[in-house]
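Worksheet: one structure, shown below.
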Amino acid sequence: MTPIKPYTFWGFLKSRGVHFVSGVPDSTFKQTYDSLITDDDITFVPAVREDVALGLASAAYFNDRLGAIIIQNSGIGNVVNPLTSFNLIYRIPVLMIIGWRGYGGPPNDAPEHWIMGDKSPSILKTLDIPFESLEADGFKESIDGLLTTMTEKSLPGALLIRSGVVQ
């Protein structure tokens, strides 16, 4: 598998209308973050917590835009309440770009990531949040499919991205 280059990833998202991103830094996405924060066509607002990022990105909806957040999957727990008490109730779409730490369980990552790595898809399914496990091959079609579902259902959606898919 040839990884997706960060500028290709962000360029594609920009072509789909994503120009506002908030998030919490994640070392596994370092090159992706570096590319994001130096892109003059995307407004990036760092956040102290994932729920703050979700609130900021949700505001884009009220300007007829799609906002996004970029977080590590350990932060999914921090967005459950705002997702269920705001985004899902009021049907406010936000694209969640989630670094999938712990994918595949032991020995693929540090032990503190194994449980959340296993449970991340289940949590998204429980919340009825559409998601894609992003792969380098066919990533454009996967993202387009997710964005279409998000638009049609007016719901947030998630891209689960394991280490090495975007770099």
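Structure summary
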quantity	calculated
Sequence-distant residues sharing a close amide H with M96 (under 5 Å, placed H)	I69, G157, A158, L159
Span from the segment 44-89 Cα centroid across to the segment 1-17 one, whole angstrom	21
Net charge dipole size for segment 8-49 [Lys, Arg +1 and Asp, Glu -1 on Cβ; Debye, nearest 20]	160
Ranking of V165, V94, V45 by count of other Cβ atoms within 10 Å, fewest first	V45, V165, V94
Residue exposure sequence - I123, I4, I70 - by fewest surrounding Cβ within 10 Å	I123, I4, I70
Theoretical ellipticity at 222 nm over the chain - DSSP helices of four or more residues, -39500 (n - 2.57) apiece, nearest 500	-11500 deg cm²/dmol
Answer label, with Cα Rg over 2.2 N^0.38 Å calculated from the coordinates and candidates (i) 1.50; (ii) 0.94; (iii) 1.06	(ii)
The chain, relative contact order in percent, only Cα pairs under 8 angstrom and at least six apart counted	25
Sequence-separation-based contact order of segment 114-167, relative, with Cα cut under 8 Å and 6+ spacing, percent	39
Charge dipole (debye, nearest 20) of segment 6-135; +1 at Cβ of Lys and Arg, -1 at Cβ of Asp and Glu	240
Mean separation of Cα contacts under 8 Å, 6 or more apart, over the residue count of segment 88-152: relative contact order %	22
For segment 144-167 versus segment 104-125, the gap between their alpha-carbon centres in whole angstrom	19
Exposure proxy ranking, count of Cβ atoms within 10 Å, fewest first, for H19, H113	H19, H113
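Any read-out appearing in this document is the output of simple, stated calculations on the displayed coordinates, not a laboratory observation. Remember, it's a predicted structure, so these values are computed and weren't measured experimentally. Glycine gets a Cβ as well: all are built from the backbone with ideal geometry, and neighbour counts include every protein chain shown.
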